[in-house]
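The values are calculated or read from the model by the stated rules, or taken from the named source; none is laboratory data. Treat the numbers as computed from the prediction; the structure is a model and nothing was measured. In this analysis, Cβ positions are derived from the backbone assuming ideal geometry, glycine residues included, and neighbour counts consider all displayed protein chains.
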Amino acid sequence: MRKCWLILFLLPCVLLSQSIFRKPLNDSTFSQWTDYIKTYAPSDSAFRVFNYLINSYNNLNRGLIAYKIWKEFSPLFPNRKPTLQQLLDNIKEIAIYPTPKEEDYPVLEEFIQDFAPDEYAFVALKRRAENLINYRKWDSAVAIFRKFMHLFPEKKKHIEKIIEILLAPTEGLVVHNLGPNINTSADEWDPCPTPDGSYIFFSTRGRPDSYGNSDVYFAKNENGVWQKSQNVGPKINGKRDETIDNIDPDGNGIWLSGTFEGTFGQFDIYYIKREENGWGPLQHLPYPINTQYVDEGACLSSDGKVLVFTSDRPGGVGEFHPYGRLYHGNIMGNMDIYVCFKTDSGWSQPVNLGATINTPYAERSPYLHPDGKTLYFSSDGHPGLGRLDVFKAVRLREDSWTEWSEPVNLGKEINTILDDWGYKVSLRGDSAFFASHWRTDGYGGWDLYSVTLPKYAKPQKFATVRGKIIDPFGKPLSAKINIEDLQTGKNIGTLSSNPENGSFLIVLPLGKNYGYYAEKEGYFPISNNIDLTKFQQDTNISFDIILYPIEFLVEKQKKVRLNNIFFDFDKYDLKPESFLELDRVVKILNENPNFNIHIEGHTDSIGTEEYNLQLSRKRAEAVRNYLVSKGIARERITIFGFGASMPVATNETEEGRALNRRVEIWFVRR
């Protein structure tokens, strides 16, 4: 009998629950759904309706309404605590994902008060201020942060930093949309200008001529106007996702991330280099750079020895949270920035940049400026206005990649309430490119922008060195250029000239005396020095390098000046900075045992003729002695001292006298 009564009692509930699911869920029927919960809780049917309402609003990205339902009706289901907690955890992630509407503010403020001081509540506080920041109501946004700051005692300094950003005077920065030849109603992101500024590469999706979901495009700059962008073609783009991350400082290599064939994880890092006949093969970087996790955002240092990139792999700062799931109000997970170093056998194990740069949340799109010290990156963990803000930090020690200055937010004129990322500084350091969302002049989705940099956002001062490498007949050559610190003898980088036109571009920090030598198989390496110790401001230096085939030098008995041979004034002892130059001569003589070498010493006109003859011969003799100490037979070496008798420039100026003080060599067959 009891079973019959129970069936008779439950049957209407079941039938009513079935009928309620036939009603549409909207604002006009909302009360009917909630009335059902009030009437029949804590029955299974009432809980099904409760669960359905919450999941429906979660799926609509209206987590605050879901939270309102949970808060009002969860006490009616005291025996469902584990399930209720699981629902709440989902609600908290979704509630802080979208920018709230004005009618949601009361519930959002309840959410903040209910869950402070946890991170969900803090992100909700930032969401509460988003529209005020978007409409540049700085004081009103500050008032919101101050209203709730007492609820977050451990975030006090963080909130004060946000307030400082909001109250900072505007710099009058002009942010330019790159225009309709580049931006569309879809998304454009990851702008990568070439070092000379003549082209820009970027990622986009949804275009008619795309090969896959996201592709790489490029546009040319003609007289300051970006021309119609074009797909880079099937050498890079395919049927899956391909995005560009960075361009090498010499302009000859591109770093990509995507889901190419053979990808280990969701996203992997790839590299493609320019060759004489176009782009070479796509290279998939090995483990441990690429893993089963998301690996992207690779950027190569100007010396070619350091690679920074981002990954959501376990072992970062904070707990493991993979890319693709809601966490901290977005789907980027806990991405960190890593660094690895070029070795003889490949790449080293990646090293996390540490907690000054990385947070338990997302750090993305690192850009290491060619100065080798200034890092730009985007983060939603450091004090900022929106989701991803752009930051700048400076490496504090030459021998460390984990010691950094405190990251500086680039401010309210660059950063918005949504994601600002893919930040790249022009080679000159006076402007930057980045992707941004929800600006009033946008074409839809993420657009690409440029901005003139304020002083605090610029990299350190440096010199830009450019030119071409050619043979004696003017033909462009593809060659390597090695850069050395002449004081320490340390090789600080190797780059390549453009295989198509021989052009090269080098960026060097001021304050040092550098040596370079250009080399190509079968050619005599040419060297010189670039003295930047006296420059105080950014500077541009231009020159071409002529490489002579070694056989040409022998046949023509062409003399070559050894530019990086150094003596103290009025002395003939070789300075240590000279050894690198002479070691290359040793190498050529060892590789060509049928060659002898003639060494000539020359001076300027200061001093007597006899004295200069003796000094020039002793300097040539010092060079011979060094070669002999390295195993070259003395009988293969002939020396001459010509004093000041063979000037190549006027002796009336210091510059001319410097050119006349020289050591020259030439080869003859044995």
Count - residues of region 22-75 that are within 28 Å of Leu326 (Cβ to Cβ) and touching a Pro at 6+ places or on another chain (Cβ under 9 Å): 4
With the structure loaded, tell me whether Asp268 is among the charged types (D, E, K, R), closer than 16 Å to Tyr367 by Cβ and in contact with an Asp or Glu (Cβ under 9 Å, 6 or more places away or on another chain) or whether it fails that test. no
When Pro360 is evaluated against the numbered criteria (1) under 21 Å from Gly304 (Cα atoms); (2) surrounded by fewer than 23 Cβ atoms within 10 Å (Cβ to Cβ), which criterion, by number, is the only one it fails? (1)
Restricting attention to region 530-546, which residues are in a loop (DSSP other than H, G, I, E, B) and among the aliphatic types (A, V, I, L, M)? Leu532
Output for region 633-670, where each listed residue is of a type in the set (A, V, I, L, M, F, W, C), part of a loop (DSSP other than H, G, I, E, B) and buried (at least 18 other Cβ atoms within 10 Å of the Cβ): Ala644
Members of region 81-99 that are farther than 17 Å from Leu326 by Cα and surrounded by 17 or more Cβ atoms within 10 Å (Cβ to Cβ): Leu84
Subset of region 187-224, residues closer than 21 Å to Asp430 by Cβ and without any contact (Cβ under 8 Å) to a residue 12 or more places away in the chain, comes to Glu222, Asn223, Gly224
For region 330-345, give me the residue count where each residue is surrounded by fewer than 24 Cβ atoms within 10 Å (Cβ to Cβ) and over 18 Å from Gly493 (Cβ atoms). 4
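Is it the case that region 37-44 has a residue that's under 30 Å from Pro100 (Cβ atoms), at pLDDT 90 or above and assigned to a helix (DSSP H, G or I)?
yes
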Please enumerate the residues belonging to region 80-111 that are among the charged types (D, E, K, R) and in a helix (DSSP H, G or I). Arg80, Lys81, Asp89, Lys92, Glu93, Glu102, Glu103, Asp104, Glu109, Glu110
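Scanning for something outside any helix (DSSP H, G or I), at pLDDT 90 or above and out of contact with any Pro (no Cβ under 7 Å at 6 or more places or on another chain), does region 562-580 turn up at least one residue?
No, region 562-580 has no match at all.
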Return the residues of region 513-551 that are among the acidic types (Asp, Glu), under 20 Å from Glu577 (Cβ atoms) and surrounded by 14 or more Cβ atoms within 10 Å (Cβ to Cβ); say none if nothing qualifies. Glu519
Quick one: which of Gly265, Gly258 is free of Cβ contacts under 8 Å to residues at least 60 places away in the same chain and over 20 Å from the mean Cα position of the chain (by Cα)? Gly265
Count of residues meeting criterion [part of a loop (DSSP other than H, G, I, E, B), within 17 Å of Ala298 (Cβ to Cβ) and either outside the structural domain of Gly297 (by TED's automatic domain parsing) or not aliphatic (A, V, I, L, M) (or both)] in region 352-373: 4
Within region 459-516, can you find the residues that are among the hydroxyl-bearing types (Ser, Thr, Tyr) and either within 23 Å of Lys575 (Cα to Cα) or out of contact with any Gly (no Cβ under 8 Å at 6 or more places or on another chain) (or both)? Thr464, Thr488, Ser496, Ser497, Tyr514, Tyr516
Among the residues of region 271-307 satisfying the criterion of being hydroxyl-bearing (Ser, Thr, Tyr), part of a loop (DSSP other than H, G, I, E, B) and closer than 25 Å to Phe504 by Cα, which is farthest from the chain's Cα centre (by Cα)? Ser302
Filter region 497-536 for residues that are basic (Lys, Arg) and in contact (Cβ under 8 Å) with a residue 12 or more places away in the chain; the one that is farthest from Gly253 (Cα to Cα) is Lys512
Would you be able to say whether some residue in region 610-626 is outside any helix (DSSP H, G or I), within 19 Å of Asp570 (Cα to Cα) and over 52 Å from the mean Cα position of the chain (by Cα)? no
When region 127-142 is checked residue by residue, the ones that are farther than 17 Å from Glu110 by Cβ and surrounded by 14 or more Cβ atoms within 10 Å (Cβ to Cβ) are Glu130, Asn131, Leu132, Ile133, Asn134, Lys137, Trp138, Ser140, Ala141, Val142
Would it be correct to say that Val507 is surrounded by 16 or more Cβ atoms within 10 Å (Cβ to Cβ) and not in a strand (DSSP E or B)? no
Test Pro193 against the stated conditions and say whether it is over 25 Å from Leu300 (Cβ atoms) and of a type outside the set (Ser, Thr, Tyr). no
Anything in region 486-502 that is under 20 Å from Val306 (Cα atoms) and within 26 Å of the chain's Cα centre (by Cα)? List them, or say none. Lys490, Asn491, Ile492, Gly493, Thr494, Leu495, Ser496, Ser497
Would you check if Gly493 is more than 19 Å from Gly197 (Cα to Cα) and surrounded by fewer than 16 Cβ atoms within 10 Å (Cβ to Cβ)? no
Residues of region 643-670 being hydrophobic (A, V, I, L, M, F, W, C), within 21 Å of Phe524 (Cβ to Cβ) and touching a Leu at 6+ places or on another chain (Cβ under 8 Å), which ones? Val648, Val663, Ile665, Trp666, Phe667
Residue under evaluation Asp371, criteria (1) surrounded by fewer than 20 Cβ atoms within 10 Å (Cβ to Cβ); (2) over 26 Å from Ile162 (Cα atoms), criterion not met: (1)
The one condition in (1) surrounded by 19 or more Cβ atoms within 10 Å (Cβ to Cβ); (2) farther than 22 Å from Gly304 by Cβ; (3) modelled with pLDDT of 90 or more that Lys475 fails to fulfil: (1)
Could you count how many residues in region 235-263 are within 11 Å of Val216 (Cβ to Cβ) and not in a strand (DSSP E or B)? 4
Candidates Asp89, Asp104, Asp114, filtered to the one that is over 28 Å from Arg439 (Cβ atoms), modelled with pLDDT under 95 and among the charged types (D, E, K, R): Asp89
Where residues in region 485-504 are modelled with pLDDT under 85 and in a strand (DSSP E or B), which of them is nearest to Asn181 (Cα to Cα)? Leu495
